[in-house]
Every structure is written in C-alpha cells, then in structure tokens.
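Worksheet: one structure, shown below.
The values are calculated or read from the model by the stated rules, or taken from the named source; none is laboratory data. If you're wondering where the values come from, they're calculated on a predicted model, not measured in any experiment. Methodologically, a virtual Cβ is constructed for each residue, glycine included, from the backbone with ideal geometry; neighbour enumeration extends over all protein chains shown.
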C-alpha cells in the first residue's frame, strides 16, 4: 500500500471521549504512552456529538468506542463502532487508512507493498 492520495499529508487525529475534562486529564496521566500524546483531546461533555453519531448508549449515556476516517470534503470513508469490551487496534486503523488512500480495490488483509486488485 502506498499512502499517496491527496489527503495523505492532511491527517488530523482527535480523541473525543464523553467524560468531563478533569477525568480526561486523569486518564491521560494514568498511562505513560498517553502522557506525551501530540493529538488534541477533546471532551463531548454535552453528549451532543455522541447523540448525532448514534453511538451514545441510551441508559447510562456514554459513547461507544468509535473510529471515523473522514476525507477533506467531509465524507465519512470508514466508520467503526465497538462495544466497550472490545479494544481497538491502531495498526488496523492505519491499515484501513492506507487502503483508502491507494485509490484501488484492496483485498482483505492487504499489507504494505502488496498489489491492489
């Protein structure tokens, strides 16, 4: 895979949990790998984004784990929503992003350097 599309250099990554700012700071400081994170951490304290994206759990009002890849025109190219018990794999998200950027059809399990269909 070769991430050479028009948006390969325009990646913007955000973390947007639905808990408050104070808990967000505690969460970030609790894990060494998050302490020096260079992406914005935002808080959806009003739950409005979670509601708009239909990822808000109804009874307890928390957002499920969701990953979206959006192109520069604002079109969602990939959406993935997980139960809280299912962790996400950063390498898989990056593989998905690279696959989207090939401009071709990608077979399942495509790895960098492999041919597209």
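Within the range 41-88, which residues are touching a residue at least 40 places away in the same chain (Cβ under 8 Å), under 30 Å from residue 104 (Cα atoms) and over 14 Å from the mean Cα position of the chain (by Cα)?
Taking the range 41-88 first, the residues touching a residue at least 40 places away in the same chain (Cβ under 8 Å) are 61-63, 71-72.
Going one step further and asking which of them are under 30 Å from residue 104 (Cα atoms), we end up with 71-72.
Hit for the range 41-88 is 72, nothing else.
How many residues are at pLDDT 80 or above and more than 29 Å from residue 103 (Cα to Cα) if we restrict to the range 23-53?
12
Of all residues being surrounded by 14 or more Cβ atoms within 10 Å (Cβ to Cβ) and assigned to a loop (DSSP other than H, G, I, E, B) in the range 93-113, which is modelled with the highest pLDDT? Just the residue, please.
Filtering the range 93-113 for residues surrounded by 14 or more Cβ atoms within 10 Å (Cβ to Cβ) gives 93-102, 106, 110.
Checking which are assigned to a loop (DSSP other than H, G, I, E, B) leaves us with 102, 106, 110.
Details: 102: 84, 106: 87, 110: 81.
Filtering the range 93-113 for residues that are surrounded by 14 or more Cβ atoms within 10 Å (Cβ to Cβ) and assigned to a loop (DSSP other than H, G, I, E, B), the one modelled with the highest pLDDT comes out as 106.
Please verify whether residue 56 is under 25 Å from residue 21 (Cα atoms) and touching a helix residue (DSSP H, G or I) at 6+ places or on another chain (Cβ under 8 Å), treating the condition exactly as stated.
yes
Could you tell me which numbered condition residue 8 fails, if it satisfies all but one of (1) under 30 Å from residue 116 (Cα atoms); (2) modelled with pLDDT under 80; (3) in contact with a strand residue (DSSP E or B) (Cβ under 7 Å, 6 or more places away or on another chain)?
With (1) under 30 Å from residue 116 (Cα atoms); (2) modelled with pLDDT under 80; (3) in contact with a strand residue (DSSP E or B) (Cβ under 7 Å, 6 or more places away or on another chain) applied to residue 8, the lone miss is (3).
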